[in-house]
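Engineer: Supplied in structure tokens, the structure appears directly below.
Throughout, read-outs are computed from the coordinates displayed, never taken from laboratory work. Bear in mind the structure is a predicted one, so any value in this text is a computation, not a measurement. Every residue, glycine among them, receives a Cβ derived from its backbone with ideal geometry; neighbour counts consider all protein chains shown.
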Amino acid sequence: MGKIPKNLSDKAMFGGYKEQESFESVFLAAEEEPSIQPAKKAKAEDLNTAFLPMELQEKIGKLLLELKVDLYKEGIVDYEIKAKREGNTIVLIPFVHKDKSKK
């Protein structure tokens, strides 16, 4: 019997080894085969954004980002955006939360 080489990878150690088929290995091999799954449906649009074209969504996103940056420059970090309808216009307003720790 020869010397056992050291520092071999697992792949190199088991390079020439072939497992004998047994009752268990036949069923394990069958489980490992990927089953055919039905194709996933295209992602359905969220009802909240279904009425907004992608260009308008991007523009609103950029404007909200600019608003967030401006509020951060003013030192306002605790706020939420409120939306309301005034006639035929929709208005987004930042609602600043009062700091409870300054009392």
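Engineer: What's the whole-number percent of alpha carbon pairs in region 54-102 lying beyond 16 angstrom?
Structural biologist: Of all Cα-Cα distances in region 54-102, 51 percent exceed 16 Å.
Engineer: About the Cα centre of region 54-102, what is the dipole size in debye to 20, counting +1 per Lys and Arg Cβ and -1 per Asp and Glu Cβ, all else neutral?
Structural biologist: Approximately 220 debye in magnitude.
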